[in-house]
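Colleague: Questions regarding the structure given below will be posed in turn.
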Amino acid sequence: MSVETERSSTESEVSGLDYEETALTLRLPGGTSRVAGSEPDRKRGFSETVELGLGSGAPVGTRGVGSTDDQSDESPESQASVAEKPPAPKARVVGWPPVRSFRKNVMKSCKLVKVAVDGAPYLRKVDLEAYTGYHQLLTALQEMFSCFTLRNYPDEERKLVDPVNGTEYVPTYEDKEGDWMLVGDVPWKMFVESCKRVRLMKSSEAVNLAPRAQHS
Amino acid sequence: MREEISDMSEDDETGERARWAPDLSKNRSDDSDSGPGPPIGDSPPPFSDQVLENVLENVLEFLTSRRDRNAASAVCRSWYRAEAQTRRELFIGNCYAVAPHRAVERFQSIKSVVLKGKPRFADFNLVPFGWGAQFEPWVKSFGAAYRHLERICLKRMSVTDKDLTIIAESFPLFKDLTLICCEGFSTLGLAVIAERCRHLRVLDLIEDYLEDEDDEVVDWISRFPETTTSLESLVFDCVTCPFNFDALECLVARSPSLQRLRVNHHVALEQLRRLMASAPQLTHLGTGTFRSEVGFGEVDPNLDLVSAFGASRSLVCLSGFREIEPEFLPAIYPVCANLTSLNFSFANLTAEELNPVIRQCHNLQTFWVLDSVGDEGLRAVAESCQDLRELRVFPLDPTEDSDSSVSDIGLQFISEGCRKLRSILYFCQRMTNAAVVAMSKNCPDLVVFRLCIMGRHLPDRITGEPMDAGFRAIVMNCKKLTRLSVSGLLTDKAFEYIGCYGKLIRTLSVAFAGDSDGGLRYVLEGCTRLQKLEIRDSPFGDASLISGLPFYYNMRFLWMSSCNLSMRGCKEVARNKPNLVVEVIRDAVEEEEEEIEAVEKLYLYRSLAGARTDVPAFVKIL
């Protein structure tokens with residue numbers, strides 16, 4: 001293996017390539033004598049590549065050799081760009097725009113909190129930032145712990161009920177000061193800020209919680 | 001920000017050139033082209049030569065630049081040996097380019113190691129998890145060979161707690177650990193480092209991803225020795241786990257040499273004030289969450305914060321500002337005039353909120369900001385920061401169709417006000433060729449030009465033309481340009497210009513650009529100093545790949561994903577270039593065993609080590 005020295009400038013030769021020479025085929029770009037002749041001083045350039053004997057003459061096929069076809073879910077836009085049309089609806093593409101996850105996560109300030117259910121042996125995590133209000137959150141909890149149904153009481157109290165045994169669960173949360181509060185007392189945004197974790201407590205045990213704020 | 005290491009990129013003005021080192025794989029002792037081979041089985045040189053060698057070693061001690069050292073090592077055997085004896089810093093730009101044992105055999109007195117792993121597109125989730133770049137084989141080799149190792153700097157490596165333990169156990173003089181964009185370790189490993197590296201000066205964790213289950217978090221801050229420490233730099237804003245603040249406060253108080261401190265978001269303003277009081281000598285401060293912990297109606301900590309900043313006479317670099325409450329910004333006014341570096345890129349600020357701060361930052365050289373400040377905010381920057389060298393404008397909403405309030409107008413302002421600009425990274429939704437041309441003319445010192453028009457294939461927003469003309473002006477007028485990232489609607493013409501004029505370009509990033517194979521060929525043939533080429537979603541096929549065969553040994557790597565490559569083309573490359581490792585990467589292990597002809601991801605790089613043995617199932621080495 002020899003050390004390649006710096007290549008000589010080939011500006012005029014580069015611009016001398018016309019579109020046909022650069023068309024996508026399996027045939028080597030050095031296939032025509034014109035191009036090969038215009039780069040005589042190339043060290044191990046086309047002479048090397050000519051030996052590869054790739055040329056079957058058959059074109060690669062439609063652009064992409066099926067790559068864009070197969071990956072149509074991943075990068076529909078590359079297919080569109082190849083066809084030189086303006087891109088259609090913007091399907092999200094992996095890693096574009098090129099912003100690191102670290103930065104995305106910081107800006108997202110995702111609020112992941114653990115959710116525990118009295119009597120259930122497992123914990124789940126929810127991203128509070130994914131919801132816009134209490135109803136959405138409780139609906140999500142209901143779906144998550146699928147045994148519950150949401151029951152609305154007339155004074156806006158919300159409880160989750162296990163239809164099997166009728167046990168009522170009250171959604172509670174621990175705030176930044178370590179106090180256990182009833183979910184729904186404070187404005188949603190304040191709740192998202194201060195909530196550290198959520199616990200679906202059996203109603204019977206919820207009597208000692210911080211008293212509800214008076215509605216003004 | 002990491003000014004000291006300048007992003008661990010070689011895009012600095014000293015013009016480091018990564019030169020293909022002599023081929024040490026064969027004992028071609030008489031092959032003068034490739035330089036001297038290793039002196040295996042040599043008899044010792046005659047006495048007079050030994051004297052000369054000793055003299056040479058003394059001289060070579062002063063040679064620090066990699067490029068100069070590589071050149072010196074190629075002169076003859078004697079120089080090769082002397083250089084190998086006196087090299088103190090080992091730089092490996094691609095951890096798979098050479099095997100650890102070879103590095104360790106050649107260089108026996110290394111004190112500092114810089115090692116890079118995954119390709120940069122791994123940052124954008126294009127490299128599947130588990131691809132490689134394990135630090136383990138390296139740390140084991142170093143541990144056995146380099147008793148005096150003091151510094152390790154890793155970028156995009158996979159580092160485990162066990163590796164960190166080996167560091168702590170193997171190097172009694174260990175002083176500096178810097179991990180950038182690494183993953184695989186946890187607070188457990190940090191605790192080991194803190195506890196056992198008694199001479200630790202620098203612990204910089206920058207944009208790493210830590211593995212930590214909430215209930216397994218270790219309070220590593222408490223594990224530093226109780227005595228006075230020699231800590232100079234402690235950066236851990238990427239460590240998202242909570243920690244014992246009192247322990248940090250004590251640590252800071254007993255670290256009189258501490259100059260750089262960047263905390264994570266668990267530190268709010270009240271706590272920041274306490275830290276600053278313990279360390280008025282800080283030069284670099286990364287705040288945590290820039291808001292008050294207390295609710296309404298409590299004592300306003302603002303006054304104390306002002307005096308805290310007022311007392312910090314040495315501050316030159318500020319960063320952090322997470323979840324910012326802008327009413328606390330005036331607290332930093334006392335230090336603005338001294339700042340050379342300001343990172344607001346996590347602060348959602350409007351132009352009105354930025355203005356009073358930036359107006360005072362006359363000496364700013366580095367500024368990172370979010371596009372929330374808009375073109376108007378950038379105008380204020382341009383009018384206030386005449387000395388600016390580096391600007392980065394990040395998107396508040398990093399999605400393609402977001403509303404970005406910065407555009408060609410902001411870029412124009414910057415170009416007119418910040419004539420000394422050397423490096424720019426600019427995310428936007430709309431751009432014009434005219435603004436880019438203006439920048440090329442107004443800022444001739446540009447070394448790094450990275451423009452990211454977030455919408456794919458977007459043309460000039462006024463003329464509707466491709467962005468070819470803008471990038472042409474950049475490569476023509478910015479004669480020192482070594483790093484370029486392109487975006488927007490680009491035809492092959494743009495690449496023709498880049499190949500024609502971009503003779504100093506070492507790093508080129510291409511995405512969603514070009515028309516045909518010709519585009520890539522222009523670049524490969526024209527950019528004679530090209531080292532790192534990363535391409536995604538562009539219509540370049542096998543012909544263009546093969547056209548680069550004469551040049552791949554002069555490059556560190558080529559990455560191509562979602563292009564038009566096939567196995568046939570890639571195999572040809574592999575067949576023709578034995579010292580290239582050609583990796584075809586799939587996204588997941590498919591059930592079918594037969595080969596898919598289309599190549600979704602290609603990563604090829606020169607290597608003395610041959611095909612690596614730690615390939616996961618989704619990587620095939622041709």
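Colleague: Any idea which of B:Arg483, B:Arg556, B:Arg536 is crowded, with 24+ Cβ neighbours inside 10 Å, under 24 Å from A:Pro98 (Cα atoms) and touching a strand residue (DSSP E or B) at 6+ places or on another chain (Cβ under 7 Å)?
Modeller: One residue alone meets the criteria, B:Arg536.
Colleague: Next question. For B:Val475, all conditions in the list (1) part of a helix (DSSP H, G or I); (2) in contact with an Asp or Glu (Cβ under 6 Å, 6 or more places away or on another chain) hold save one; what is the number of the exception?
Modeller: (2)
Colleague: Related question: Looking at region B:499-526, which of its residues are farther than 19 Å from B:Phe121 by Cβ and either among the basic types (Lys, Arg) or touching a strand residue (DSSP E or B) at 6+ places or on another chain (Cβ under 9 Å) (or both)?
Modeller: Correct list: B:Gly502, B:Lys503, B:Ser516, B:Asp517, B:Arg521.
Colleague: Could you list, in sequence order, all residues of region B:542-578 that are in contact (Cβ under 8 Å) with a residue 60 or more places away in the chain and over 20 Å from B:Phe618 (Cβ atoms)?
Modeller: Listed by number, the residues that qualify are B:Tyr553, B:Asn554, B:Arg556.
Colleague: Separate question: Given the criterion among the small types (Gly, Ala, Ser) and modelled with pLDDT under 95, identify the matching residue among B:Gly295, B:Gly377, B:Gly286.
Modeller: B:Gly295
Colleague: Which residue out of A:Val99, A:Val106, A:Val94 is part of a loop (DSSP other than H, G, I, E, B), at pLDDT 80 or above, among the hydrophobic types (A, V, I, L, M, F, W, C) and surrounded by 17 or more Cβ atoms within 10 Å (Cβ to Cβ)?
Modeller: One residue alone meets the criteria, A:Val99.
Colleague: What is the one condition in (1) modelled with pLDDT of 95 or more; (2) farther than 20 Å from B:Gln531 by Cβ that B:Gly455 does not satisfy?
Modeller: Condition not satisfied by B:Gly455: (1).
Colleague: Follow-up question, since we're still on this one. Name the residues in region B:370-405 that are within 15 Å of B:Leu421 (Cβ to Cβ), within 14 Å of chain A (Cβ to nearest Cβ) and buried (at least 24 other Cβ atoms within 10 Å of the Cβ), would you?
Modeller: Hit for region B:370-405 is B:Val393, nothing else.
Colleague: In addition: State all residues of region B:359-416 that are more than 22 Å from A:Pro97 (Cα to Cα) and within 22 Å of the chain's Cα centre (by Cα); if no residue qualifies, say none.
Modeller: B:Leu364, B:Gln365, B:Thr366, B:Leu388, B:Arg389
Colleague: Moving to a separate point now. Being free of Cβ contacts under 8 Å to residues at least 60 places away in the same chain, more than 18 Å from A:Arg100 (Cα to Cα) and either within 14 Å of another protein chain (Cβ to nearest Cβ) or outside any loop (DSSP other than H, G, I, E, B) (or both) is the filter here; which residues of region B:96-131 pass it?
Modeller: Residues satisfying the conditions are B:Pro100, B:His101, B:Ala103, B:Val104, B:Val113, B:Leu115.
Colleague: Quick one: which residue in B:Glu583, B:Glu534 is modelled with pLDDT of 95 or more, at negative phi and out of contact with any Ser or Thr (no Cβ under 8 Å at 6 or more places or on another chain)?
Modeller: Result: B:Glu583 is the single residue among B:Glu583, B:Glu534 that is modelled with pLDDT of 95 or more, at negative phi and out of contact with any Ser or Thr (no Cβ under 8 Å at 6 or more places or on another chain).
Colleague: Here is a follow-up. Across region B:495-513, what is the total count of residues that are part of a helix (DSSP H, G or I), more than 9 Å from chain A (Cβ to nearest Cβ) and either free of Cβ contacts under 8 Å to residues at least 12 places away in the same chain or within 19 Å of B:Arg556 (Cβ to Cβ) (or both)?
Modeller: Total satisfying the criteria: 1.
Colleague: In region B:91-107, how many residues are under 27 Å from the mean Cα position of the chain (by Cα), more than 22 Å from B:Glu183 (Cα to Cα) and not β-branched (Val, Ile, Thr)?
Modeller: Counting residues in region B:91-107 that are under 27 Å from the mean Cα position of the chain (by Cα), more than 22 Å from B:Glu183 (Cα to Cα) and not β-branched (Val, Ile, Thr) gives 5.
Colleague: Of a type outside the set (S, T, N, Q), in a helix (DSSP H, G or I) and either more than 23 Å from B:Phe185 (Cβ to Cβ) or within 14 Å of chain A (Cβ to nearest Cβ) (or both): does that describe B:Arg147?
Modeller: So B:Arg147 fails the test.
Colleague: Kindly indicate whether any position in region B:485-494 is at the interface with chain A (Cβ under 8 Å from one of its Cβ atoms), touching a residue at least 12 places away in the same chain (Cβ under 8 Å) and assigned to a helix (DSSP H, G or I).
Modeller: Yes, region B:485-494 contains at least one residue that is at the interface with chain A (Cβ under 8 Å from one of its Cβ atoms), touching a residue at least 12 places away in the same chain (Cβ under 8 Å) and assigned to a helix (DSSP H, G or I).
Colleague: Can you spot a residue in region B:506-513 that is surrounded by 24 or more Cβ atoms within 10 Å (Cβ to Cβ), more than 24 Å from the chain's Cα centre (by Cα) and closer than 25 Å to B:Asp445 by Cα?
Modeller: no
Colleague: Does B:Asp163 satisfy the condition of being assigned to a helix (DSSP H, G or I), within 14 Å of another protein chain (Cβ to nearest Cβ), at negative phi and in contact with a helix residue (DSSP H, G or I) (Cβ under 9 Å, 6 or more places away or on another chain)?
Modeller: So B:Asp163 fails the test.
Colleague: Identify, please: which residue in region B:468-478 is within 14 Å of another protein chain (Cβ to nearest Cβ) and of a type outside the set (Lys, Arg) and is, among those, farthest from B:Cys500 (Cα to Cα)?
Modeller: B:Asp468
Colleague: Just to check your reading of the model, which residue among A:Glu143, A:Glu84 is more than 10 Å from every other protein chain (Cβ to nearest Cβ), surrounded by fewer than 14 Cβ atoms within 10 Å (Cβ to Cβ), at pLDDT below 80 and not in a strand (DSSP E or B)?
Modeller: One residue alone meets the criteria, A:Glu143.
The values are calculated or read from the model by the stated rules, or taken from the named source; none is laboratory data. Just so it is clear, the model here is predicted, and its values are computed rather than measured. No Cβ is skipped: glycine too gets one built from the backbone with ideal geometry, and neighbour counts run over all protein chains shown.
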